[in-house]
Every structure is written in structure tokens, then in C-alpha cells.
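Q: Sharing a structure, written as C-alpha cells. Questions coming.
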Amino acid sequence: MKDLKYSKILKLNKKIGANPKLKSYQIAVLSNITVHQISEILEYTLRTEGINACVYIGNYNNIVQDSLKYNGSNMVILFWELCNIIEGLQFKIELLNDDELNAVIDKTKSELDLILKNLEKASLVLINKFTSLYFSRSNIRKTNLEN
């Protein structure tokens with residue numbers, strides 16, 4: 001699959017299609033970043049392995065609400081990027097005082113707890129690791145974003 005272009009994956013995925021004879025494996029992808037092209041790649045990869053995957057993409061930056069909508073999925077994948085927790089966080093975070101920073105952290109923890117509670121019926125929940133690497137790899141000191 002390494003050499004396949006996206007257009008070829010689309011054609012092959014359409015050709016393979018969902019197998020109506022097999023029970024479908026429902027996968028929901030919830031994110032606060034753009035990930036729409038991942039659905040066909042996931043479906044194709046899993047279908048070639050004999051898994052009748054149907055991938056659904058949640059609404060952009062609507063993770064908490066969509067966690068209720070897709071709580072019956074077999075698998076939920078969360079792409080929850082740190083820089084989009086608050087619009088422009090990577091630029092604003094160094095200006096926040098300790099109380100404001102703690103409020104952002106507490107709000108995020110609370111939302112994550114709610115999301116996981118909403119998804120307790122899902123067989124598997126995968127969550128990406130929050131990272132500041134995009135914005136802080138050239139810094140010489142540890143930033144609030146890294147903390």
C-alpha cells in the first residue's frame with residue numbers, strides 16, 4: 001500500500017466495496033483537525049484484510065457532541081490536537097497566567113472524561129497523544145504548551 005496514490009485507493013476501495021454478507025465494523029473518527037481523507041484509506045486497508053469496515057467522520061471540532069452520536073461504534077478514533085483546544089492556543093498560551101492555564105487544563109480534562117463516558121459502549125477508543133512538537137521543536141526552554 002506504500003506506493004498507492006490516493007486516487008488509486010479510492011478506485012480500489014470502491015471496487016472492493018462493503019460486503020453485505022459480512023457484519024460491518026463501524027469506525028467513527030472524531031477530530032478537531034481535518035481528517036476526511038482518512039476514511040477511504042482506513043476502509044481500504046481493513047477491507048483488504050477481510051474486515052468489512054465502514055468509516056464515519058464526525059463534524060469538525062465537535063468531538064464532545066459527536067461522542068454521543070457515535071457511542072455505538074465498534075471503534076472510535078480521536079484526533080484531538082492540542083493547538084485547536086482553544087483557537088490559536090499555540091500563540092496565546094504563553095500569555096496566560098497560571099490560573100488561566102489551569103482553567104484550560106481543567107476544561108480539557110473534564111471534556112475528555114465526558115467523551116470517554118459517552119464512548120463507554122464502544123469496543124475500542126484510540127486517542128492521539130497531545131503534542132506541542134509542531135510549535136516548540138526549536139525552543140530552548142520548556143514552554144506552557146509543552147507543559
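Q: What's the FRET efficiency of Glu49 with Lys69 using the Cβ-Cβ distance as r and R₀ = 30 Å, to the nearest 0.05?
A: E(calc), rounded to 0.05, equals 0.65.
Q: Which is the longest stretch in the chain that no exposed loop site breaks, taking sites as GluC sites (Glu not before Pro) with a DSSP loop state and at most 12 other Cβ atoms within 10 Å?
A: 1-48
Q: Another question, then. By how many degrees, between 0 and 90 and to the nearest 10, does the Cα long axis of helix 38-47 differ from the longest principal axis of the chain?
A: Helix 38-47 sits roughly 40 degrees off the main axis of the chain.
Q: Below 8 Å between Cα atoms, with a sequence gap of 6+, how large is the relative contact order for the stretch 6-136 in percent?
A: Relative contact order, the stretch 6-136: 28 percent.
Q: Sequence neighbours fewer than 8 away in the same chain don't count; with that in mind, list the lysines whose C-alpha is under 27 Å from Lys109.
A: Candidates past the 8-residue exclusion: Lys69, Lys92, Lys117, Lys121, Lys129, Lys142.
Q: Using Cα positions and a limit of under 22 Å, work out the lysines in reach of Lys5, with same-chain residues fewer than 8 apart set aside.
A: Partners within reach: Lys14, Lys15.
Q: Can I ask one more? Which loop trypsin sites (Lys or Arg not before Pro) in the stretch 16-65, with loop taken from DSSP, have no more than 14 other Cβ atoms within 10 angstrom of their Cβ?
A: Within the stretch 16-65, the qualifying trypsin sites (Lys or Arg not before Pro) (loop, at most 14 other Cβ atoms within 10 Å) are Lys21, Lys23.
Q: Provide the FRET efficiency to the nearest 0.05 for the Lys11-Ile33 pair, computing r from the beta carbons and using R0 = 35 Å.
A: E between Lys11 and Ile33, to the nearest 0.05, is 0.85.
Q: Could you tell me how many degrees, from 0 to 90 and to the nearest 10, lie between the Cα long axis of helix 98-118 and the main elongation axis, the longest principal axis, of the Cα atoms of the chain?
A: So the inclination is approximately 20 degrees.
Q: Still on this structure, I have one more. Please work out how much length the chain gains when fully extended from Leu4 to Asp113, using 0.36 nm per residue of separation minus the C-alpha to C-alpha distance, in nm with one decimal.
A: That works out to 35.4 nm of additional length.
Where a number appears in this text, it was derived from the coordinates with a stated rule and is not lab data. Predicted model, so just to flag it, every value in this text is computed and none were measured. So basically every Cβ, Gly included, is an ideal-geometry build from the backbone, and we count neighbours across all protein chains shown.
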